[in-house]
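Student: Quick one: the structure is below, questions incoming.
Every number in this text was worked out from the coordinates using simple rules, so none of it is lab data. Everything quoted here is computed from the prediction, not taken from an experiment. Quick reminder, even Gly has a Cβ in these numbers, built from the backbone with ideal geometry, and neighbours come from all protein chains shown.
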RNA sequence: GCCCGGGUGGCGAAAUGGUAGACGCGGGGGACUUAAAAUCCCCUUCCCGCAAGGGAGUGCCGGUUCGAGUCCGGCCCCGGGCACCA
């Protein structure tokens, strides 16, 4: 690679060469000294909160993907500032969690030493990138001044009955020696380390996010978010409209038990030929007949041994008959009750009515165990008794058959009519079921905020009083987790034993720490108040700055982080602690950066190191290049070769400013292009179309310098402002060169003058039968007759347009189409 | 299987239903230079043609329209997410 930083951009010895390193160092120092990027949060006018997703400070340093996201945020924030807003652009570090801890274990350095080192490196890199960050509000989730309030958030949920403990089958990673959420399991393997995940039964703390499912779903309609992100959340919450239906178990004694199932297809109830309970279902023990007990018991044990994931991925149907039967409330028939692992306890009621005729899974099961299969739905032109060779799941234009008085109804009608009918006898009720599970926040690990709970022999579970927060994470020499499934914190005797806050007797602490997603579920509330010791977030500042005006981040957090943040905010709203339900008014997901057409990864060895590129080209060039790669919301392909074009562009802007003359008048044609550019760049930045904004500026510079013309000062000054969100350092330097003493970011976006931008003569396309046959030049507002006259006079057009046209289509200022 | 994105020159990419390929990279030619670099200018979708010019063209097949990369229907391929969720 040539050394572009030291190569003079032009031969003229009088003008200084553009040396990014010098310029960038100078302005970063000046911004810090003048507190340019630290707004007065209490008094600033027109507050605009530009939030970027805080990074996990890995040992490898800032990823180019982080830089891409931050630059996109920064441009938006700087633009808003030039529009007259007081912009708050904070940064922090999401530094707790298994990822950090595992890495610390691997290199044999305690996380409490390693993480600050990583943060220091990140901070250096973020400074280099020239972000408009208010460093006086920097935070790290690992600081006691932060996690004190993370624990406080836990207590808010606890006091509202939204935090509870239960024994649950969990995913256990034998290598990380910790519990994983379902989200952290990918196809049966640990997302972090790739080990095969196992099942374990452990006591865990959960948040009742499912209570909020309907609101989390409903509010999606009102927030201005990327459609992809909203869709992802909708699918994740996974609402299913259906009904709960009760089946009375037949018995020769006096016991009568009901099995309640959830179904989305109540219209098929006449075809329900058996019931299935999840192996963990509490009624299994109750209803199983003595002669089947051994078989059922054996089957349940077998299921319990299996890990959660392979249970879900293995589609082979297995099960056991309980010996019991239940009455189908629609047909009055007694149908057998089975146990099978294809029914999951955690979804719906943990029991289903099986309709093998119209459900693929039930069909497979019925086939395997020779259970009856009945057709109760028939598509268009299908006979009611047409034999079934597979489950018929078609519902479009299908009607219900073999279903008594309901036969003949279409599927949708039958659903409501049948539920209403069964509801009459109390056998059914319409319900909506959600796929979303409660949020398991327990981690049997060291590197996280201890969950602020104390267990006392006499008082039971006691929350740590607020005045005793934070429950400090003690220094532990050996933080390795072990097979016990208990956090290493349990081995710290002094910390573990604590007097009960209620009775003072010897009690013990909860040893689990909380999920990292809890740390990041409220950090945006902390930023404005990060210097406050007495509150998690100051009410006045929060009212002024939140909800977040603009949040831009990766769609990998489309569900977890963004959903948890919404949930926590909603809870705080209900507790009267914040005035809004939704934390992020506007969210946009940015795209992913690939490199030379391939995904970036350590194993491929094609990861872009931002430091190297900033060394070689300067931060301004790297920033602008990243934004030039492609549409910001779609991502881009980082190609080493193309970066030179962006650097050449900045060189040309630099030279233009240094060459500019102040005498005489600017050129009208150039000024027209300038005003068109002002309008385009402003519009494009607002909609994150950064690549086209840059292209527009390049076009303008090409006009400005065409045929080595010397630009006028009035032609370049606004250009520097347009460029400033993208390349802030060089823009500041050029602004100073132009004689300004204050920061360019204290200035206002150049005023767009529509009169100056207007074109008076335009080229009009002339088509014959829709095919382009020539162009004519005319006044912008020339009427059809005038343009038609010009068109017919054109030899190329005349050749094709013979005789009188049958029809003429005229789009003023654009096109004339002659239909002959 | 289901739900999102996306398929346009040699490459990254632009295009309110109205001149497809702006801008940039790469390539070719030229100016400046003793020379090179840098800079500046011109050309660069494909095919036929010396040229003038003509024809084709936005994953594939059809449709709507004076006119379709853009709208509609049906496919194919690539990327991402979800998936025994009843």
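Student: Name the shape class, rounded, prolate or oblate, that the alpha-carbon gyration tensor gives for segment A:239-434, where a ≥ b ≥ c are the square roots of its eigenvalues, rounded holds for a/c under 1.5, and otherwise prolate holds if a/b is larger than b/c and oblate otherwise.
Tutor: prolate
Student: So what is the 222 nm mean residue ellipticity for chain A from helices alone, if each DSSP H run of at least 4 adds -39500 (n - 2.57) and you divide by all residues, rounding to the nearest 500 deg cm²/dmol?
Tutor: -10500 deg cm²/dmol, from helical runs alone.
Student: Taking only Cα atoms, what is the 0 to 90° angle, nearest 10, from helix A:728-737's long axis to the longest principal axis of chain A?
Tutor: 20
Student: Let me ask another. Highest mean first, what order results for A:530-536, A:142-148 on Cβ atoms within 10 Å?
Tutor: So the peptides A:530-536, A:142-148, ranked by packing, come out A:142-148, A:530-536.
Student: Where a ≥ b ≥ c are the square roots of the eigenvalues of the C-alpha gyration tensor, would you call segment A:641-756 rounded, which needs a/c under 1.5, or, failing that, prolate if a/b is larger than b/c, or oblate?
Tutor: rounded
Student: Next question. Compute the long axis of helix A:643-659 from its Cα atoms, compare it with the longest principal axis of the Cα atoms of chain A, and write down the angle in degrees, 0 to 90, nearest 10.
Tutor: 40
Student: Using only the Cα atoms of chain A, build the gyration tensor, take square roots of its eigenvalues as a ≥ b ≥ c, and label the shape rounded, prolate or oblate: rounded if a/c is under 1.5, else prolate if a/b is larger than b/c, else oblate.
Tutor: Cα axes put chain A in the oblate bin.
Student: So how do A:734, A:220 line up by other beta-carbon neighbours within 10 Å, fewest first?
Tutor: Fewest-to-most ranking of A:734, A:220: A:220, A:734.
Student: As I understand it, the value is the acute angle between the Cα axis of helix A:20-34 and the longest principal axis of the Cα atoms of chain A; what does it come to in degrees, rounded to 10?
Tutor: Orientation of helix A:20-34: about 70 degrees from the principal axis.
Student: What ranking of A:503, A:173 emerges when the number of other C-beta atoms within 10 Å of each C-beta is taken as an exposure proxy, fewest first?
Tutor: Ordered by Cβ neighbours within 10 Å, fewest first: A:503, A:173.
Student: Now, a different point. Applying a 10 Å radius around every beta-carbon, put A:335-342, A:786-793 in order of their mean neighbour count, most first.
Tutor: The most tightly packed comes first, giving A:335-342, A:786-793.
Student: Still on this structure, please answer the following. Where does each of A:33-42, A:433-442, A:19-28, A:519-528 land if you order them by average Cβ count within 10 Å, highest first?
Tutor: Highest-to-lowest ranking by the protection proxy: A:519-528, A:433-442, A:19-28, A:33-42.
Student: Which whole-number percentage describes the relative contact order of chain A, with Cα contacts under 8 Å and a sequence gap of 6 or more?
Tutor: The value is 14 percent.
Student: Where both residues lie in chain A, what percent of DSSP beta bridges are antiparallel, nearest 5?
Tutor: In chain A, DSSP labels about 75 percent of beta bridges as antiparallel.
Student: Still on this structure: Determine the relative contact order of segment A:370-464: mean sequence separation of Cα pairs under 8 Å and six or more apart, normalised by residue count, in whole percent.
Tutor: Value for segment A:370-464: 14 percent.
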